[in-house]
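K.L.:
Please see the structure below; I have some questions.
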Amino acid sequence: MRKALRWLLALTVLIGTLGTAGAATAADAAGTTDIKERLLSIPGMSLIEEKPYTGYRFFVLNYTQPVDHRKPSKGTFQQRITVLHKDVARPTVFFTSGYNVSTTPRRSEPTQIVDGNQVSLEYRFFTPSRPAPADWSKLDIWQAASDQHRVFKALKGIYDKKWISTGGSKGGMTATYYERFYPRDMDGVVAYVAPNDVVNKEDSAYDRFFARVGTKECRDRLNGVQREALVRREPLEKKYAAFAQDNGLTFTTIGSLDKAYEATVLDYVWGFWQYSLLSDCDQIPADARNATDDEIWTSVDTISGFSAYADQGLSNYTPYYYQAGTQLGAPTIRFPHIEKQYIRYGYQPPRNFVPRDIPMKFQPQAMRDIDTWVRHNARRMLFVNGQNDPWSAEPFRVGKGAKDSYVFTAPGMNHGANVAGLVPEQKALATARILDWAGVAPGSVQADPQAAKPLAKFDAKLDKRDVQREMTLRP
């Protein structure tokens, strides 16, 4: 009898324990456990700051990452991430710009579409997410994808609904590379204006792009200013030297003020189409030959930025130029509207923009591998390009082996192309697929994809896109 009572008591306690555990799990799922506590309970996660935003919790965090994912014991570094938390019951969007992370609350377009959480990652080697000392050989697309993989694994226990990765420009490239190396992590990919330089030495696509983009009148205006800036090199370089002295600019990395001047001028046409619209052409001097030196200078400086190739402008982007010169590739274009005697250096290679004490060797197989994989293995991937964006001249393409994947082009749009800028039919389809991949497509959308719309209302502050314009010729 006593044994039976002890057994019954033990069973009651066990049932009670299981019930308590179930209740705790349900409480966690319901979000009653503070999200900050849950995030900081992750090994290697630490808080930098929390910033308020209505309807969200926004955290800036550090996460401990191995310098070398192949040899984790060989040292670590702190990588910044941010978490825009809405609800653990919502899907999560994994965003990266491919550069520094913004510590201001921002919401990418897919995050607005699915009304979800957003995790944003700073790309390795962009300060302060840089190992010390920096072993630059550990800055490659696989190591960066492995950073994302570890962050995803760490956070998946909290955000256990569907995940979509996204990014624009180099961020779109990053999302694509992540999918190639870890195709089981994400439930969908939205890559905006992502260049795909498969063969680094073959850049004729860019020449064809600049020969027909926009209108002849606009092209003539831009070409005229660019040519005139080189024709007037001597007086404008004197102005540049005074500008450099006033602003404390030096030119050790690129080698000389003359090289920096030409690089800035040769970026001019590219920079216009990357960031401006055809309607902005009326701001370009119509008669460059009769324009004043100040008018030529101001136009070039406004679009290209004369501080771009100074040491002070290049240093923030050393990781990008290192990658461009080792794996990503970089464009080289021709200038048929400028006589050869006015061009001394042409489009300079990334090697010229990286300090010489950092060794570089190009790996031509890297982008070929990515391109082949996307063409034949893409699953639930959406590529959005801009019709007037130079970087979209060499886009990703999907082949017969791809499934539920799309390449769309937004008419008339530049490097800021997005789903909202697509033609109505493609806009609705893209939105419907994103909602479906995230597991939040309403029944009305499942029945009729053309009814698809973002689930969250537009927020002018939260949905503002941060466009970095410090450098022109970079994605």
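K.L.:
Give me the base-10 log of I(q)/I(0) for segment 323-475 at each q in 0.12 Å⁻¹, Debye formula, one uniform scatterer per Cα, rounded to two decimals.
P.N.:
-0.74
K.L.:
Full-extension gain between ILE358 and LEU277, please, as 0.36 nm times their residue separation minus the C-alpha to C-alpha distance.
P.N.:
Values: separation 81, 0.36 × 81 = 29.16 nm, distance 3.75 nm.
My answer for the length gained is 25.4 nm.
K.L.:
Let me ask something else. How large is the translational diffusion coefficient of the chain in µm² per second when you combine the Kirkwood radius over alpha carbon pairs with Stokes-Einstein at 10 °C and 1.306 mPa s? Please report the intermediate quantities before stating the final value.
P.N.:
Working: Rh = 24.2 Å.
Rounded to a whole number, D works out at 66 µm²/s.
K.L.:
Let me ask something else about it. For segment 111-122, just list the computed ³J(HN,Hα) in residue order, Karplus coefficients 6.51, -1.76 and 1.60, θ = phi - 60°, integers in Hz, with x standing in for Gly and Pro.
P.N.:
For segment 111-122, the Karplus curve yields 5, 5, 4, 8, 6, x, 7, 9, 10, 10, 10, 7 Hz.
K.L.:
Give me the number: length gained by fully extending ASP294 to VAL423, i.e. 0.36 nm times residue separation minus the C-alpha to C-alpha distance, one decimal in nm. Mind showing how you got there, number by number?
P.N.:
Numbers: separation 129, 0.36 × 129 = 46.44 nm, distance 4.05 nm.
Gain on extension, ASP294 to VAL423, equals 42.4 nm.
K.L.:
Which longest run of the chain has no exposed loop site in it, a site being trypsin sites (Lys or Arg not before Pro) in a DSSP loop with at most 15 other beta carbons within 10 Å, and the site itself not part of the run?
P.N.:
Details: sites that count: ARG70, ARG184, LYS201, ARG334, ARG344, ARG356, LYS361, ARG397, LYS400, LYS457, LYS461, LYS464, ARG465, ARG469.
Maximal segment without exposed cleavage sites: 202-333.
K.L.:
I've got another one for you. For ARG107, which sequence-distant residues (separation of 5 or more, or a different chain) have an amide H within less than 5 Å of its own amide H, given hydrogens modelled in the peptide plane?
P.N.:
ASP463, LYS464
K.L.:
Pairs of Cα atoms under 8 Å, at least six residues apart: use those to get the relative contact order of segment 215-331, whole percent. Mind showing how you got there, number by number?
P.N.:
Values: 100 pairs, mean separation 44.4, N = 117.
It rounds to 38 percent for segment 215-331.
K.L.:
Further question: Near PRO449, within a Cβ-to-Cβ distance under 12 Å, what is the net charge of the other residues, with Lys and Arg +1 and Asp and Glu -1? Display every interim value, and only then the final one.
P.N.:
On the way: positive: LYS427, ARG433, LYS453; negative: GLU425, ASP436, ASP448.
Around PRO449, the surrounding residues sum to 0.
K.L.:
Next question. Which listed residue (VAL440, SER169, PRO110) has the Cα farthest towards the positive end of the charge dipole for the chain, taking +1 on Lys and Arg C-beta and -1 on Asp and Glu C-beta about the Cα centre?
P.N.:
VAL440
K.L.:
Now for a different question. Scan around ILE254 for amide H atoms under 5 Å from its own, H built in the peptide plane at 1.01 Å from N, and keep only partners 5 or more places away or cross-chain.
P.N.:
none
K.L.:
Tell me, what ³J(HN,Hα) does each residue in segment 252-266 have, in order and in whole Hz, if you take phi through Karplus 6.51 cos²θ - 1.76 cosθ + 1.60 with θ = phi - 60° and put x for Gly and Pro?
P.N.:
Each residue's phi maps through the Karplus curve to give 5, 5, 6, x, 6, 4, 4, 5, 5, 4, 5, 4, 5, 5, 6 Hz.
K.L.:
Counting pairs of alpha carbon atoms under 8 Å apart in space and at least six apart in sequence, what relative contact order in percent does the chain give? Show your work: numbers first, answer last.
P.N.:
Numbers: 854 pairs, mean separation 78.0, N = 475.
Value for the chain: 16 percent.
K.L.:
If you don't mind, there's one more thing I want to ask. Could you work out the relative contact order of segment 351-445? I mean the mean sequence separation of Cα pairs under 8 Å and 6+ apart, divided by the number of residues, in percent.
P.N.:
On the way: 117 pairs, mean separation 21.7, N = 95.
Computed over segment 351-445, the figure is 23 percent.
K.L.:
Oh, and also: Can you list the residues, at least 5 places off or on another chain, whose amide H is less than 5 Å from the amide H of ASN385, using H built in the peptide plane?
P.N.:
VAL193, PHE408, THR409, ALA410
K.L.:
Taking the Cα centre of each part, how many Å lie between segment 166-241 and segment 318-397?
P.N.:
Using only Cα atoms to place each centre, the spacing works out to 8 Å.
K.L.:
On to the next question. Output wanted: per-residue J couplings in Hz (rounded whole) for segment 188-204, from phi through Karplus 6.51 cos²θ - 1.76 cosθ + 1.60, θ = phi - 60°, x for Gly and Pro.
P.N.:
Once rounded to whole Hz, the list reads x, 9, 10, 10, 9, 5, 8, x, 9, 8, 5, 10, 4, 8, 10, 10, 5.
K.L.:
To continue, here is another question. Considering only DSSP beta bridges with both partners in the chain, what is the antiparallel share in %, to the nearest 5?
P.N.:
Details: 22 of 44 bridges.
Antiparallel bridges: around 50 percent, rounded to the nearest 5.
Values quoted throughout were computed directly from the atomic coordinates according to the rules given, and no laboratory measurement underlies them. Since this is a predicted model, take the numbers as computed values, not measurements. Glycine gets a Cβ as well: all are built from the backbone with ideal geometry, and neighbour counts include every protein chain shown.
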